[in-house]
1. So what is the relative contact order for the chain, in percent, with contacts set as C-alpha pairs under 8 Å and at least six apart?
2. Ignoring everything except DSSP H segments at least 4 long, calculate the 222 nm mean residue ellipticity for the chain; use -39,500 (n - 2.57) per segment, divide by total residues, nearest 500.
3. Please compute the per residue accessible area over the chain with all protein chains in place, 1.4 Å probe, rounded to a whole number of Å².
4. Excluding ligands and nucleic acids, what accessible area in Å² is computed for Val127 using a 1.4 Å probe, to the nearest 10?
5. Order Asp115, Asp307, most accessible first, counting only protein heavy atoms with a 1.4 angstrom probe.
6. Does region 92-246 classify as rounded, prolate or oblate by the C-alpha gyration tensor (a ≥ b ≥ c root eigenvalues; a/c under 1.5 gives rounded; else a/b over b/c gives prolate, otherwise oblate)?
7. Give me the distance between the Cα centres of region 249-291 and region 1-43, rounded to whole Å.
8. With every protein chain in place, what's the accessible area of Lys51 (1.4 Å probe, Å², nearest 10)?
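The values are calculated or read from the model by the stated rules, or taken from the named source; none is laboratory data. Here the structure is a predicted model, which is why all the values come from computation and not from measurement. Please note: Cβ atoms are built from the backbone with ideal geometry, for glycine as well, and neighbour counts cover all protein chains shown. Note: areas computed on protein heavy atoms with side chains; ligands, DNA, RNA excluded. Shrake-Rupley method; radii C 1.70, N 1.55, O 1.52, S 1.80 Å.
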Amino acid sequence: MSSKILIVDPLTLIGREFTRCLEDAIDLTVEVDYRHTSTDDEHQIAELGAKPALVPPLDDPEEIAGLGIVVVTSDTETERTRHLENLLIRHPEATLVDLGRLPGLAELTAPAVGDTVGTTDRWHLRVAHPALVATGKILAALRPLEPVRGSVAAVEPVSTFGRGALDALVHQAGRRMQGGSPDESIGGHVLAFNQVAVDADALTEEAADLIRDIPLAVTRTLTGSFHGHIAHITIEFAAAVDDPELRDAFDAADDIVIAEPPISLEVVPDRDHVLLAPPQLSPDRRIVSMTAMVDGLRLGGALTAIDILRAMTVN
């Protein structure tokens with residue numbers, strides 16, 4: 001792997017989280033450069049990695065083609081983010097990891113976690129959705145019990161849309177409390193005191209790409225919570241299982257913690273593991289249902305990206 005990383009839009013929520021995690025990953029020795037894709041033509045000045053940094057605007061895909069691994073931490077699309085699309089089209093040899101999961105890059109990238117990074121010289125990847133990262137870890141723990149199929153209901157917070165969406169949520173809440181209609185949307189929706197079921201075809205395809213041997217039915221809902229992803233997961237087994245078997249399987253996993261209810265999203269931020277409510281078995285003991293919570297800035301975010309970078313160094 002190249003020893004250089006270019007972080008695009010490091011001042012976003014996910015950008016700052018990735019910068020912190022990269023600094024803590026002492027096994028990854030890299031040089032870091034920055035670009036921003038905002039509409040402002042000026043350099044941004046910020047403290048990144050405990051030291052001041054200049055973040056120039058991204059004006060041409062050619063200027064970043066040879067700057068190492070491009071890590072995209074953008075939370076909105078602008079005219080400048082199209083340079084990233086052009087980069088992958090003009091320079092198929094370029095390596096890019098998209099943490100921002102930008103719609104414009106979806107058709108040009110493949111979903112990934114560290115374990116799915118193939119042995120290839122060409123990587124155009126996006127970090128897998130937090131709900132699917134959690135599901136993958138749960139299925140890995142349950143493999144000895146022979147899971148055969150399942151479902152995932154992904155519930156996404158407002159922070160998915162970036163820092164500006166948090167301000168928009170406050171505005172929406174204020175307008176609704178006053179009996180008015182919000183004039184500012186979040187991804188085209190009103191999420192204050194609301195939940196919105198949205199199309200999940202792309203997430204279903206992503207699940208099939210990441211977890212090929214176990215079919216999953218997937219739904220996706222946007223919610224008005226500030227932070228923290230929820231996944232309501234149901235898994236069917238080939239034969240009946242019992243509670244001790246489930247407990248043993250999860251106890252053996254170091255990245256899953258079963259907590260006693262009630263469990264609040266308020267305890268999720270900054271956790272590096274999946275927080276799981278006690279799994280519930282069906283009467284025939286062949287179906288288990290559970291609610292998982294994760295900090296999507298870390299799992300399905302910065303920490304997953306770090307795992308991907310580590311896998312690249314091995315390959």
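1. Numbers: 628 pairs, mean separation 59.0, N = 315.
Computed value for the chain: 19 percent relative contact order.
2. Rounded to the nearest 500, it is -8000 deg cm²/dmol.
3. Numbers: 14780 Å² over 315 residues.
Averaged over the residues of the chain, the accessible area is 47 Å².
4. My reading of the accessible area for Val127 is about 0 Å².
5. Working: Asp115 150, Asp307 70 Å².
Order by accessible area, largest first: Asp115, Asp307.
6. Values: a/c = 2.82, a/b = 1.39, b/c = 2.03.
The shape class here is oblate.
7. Between the Cα centre of region 249-291 and that of region 1-43, the gap is 32 Å.
8. For Lys51, solvent-accessible area is about 130 Å².
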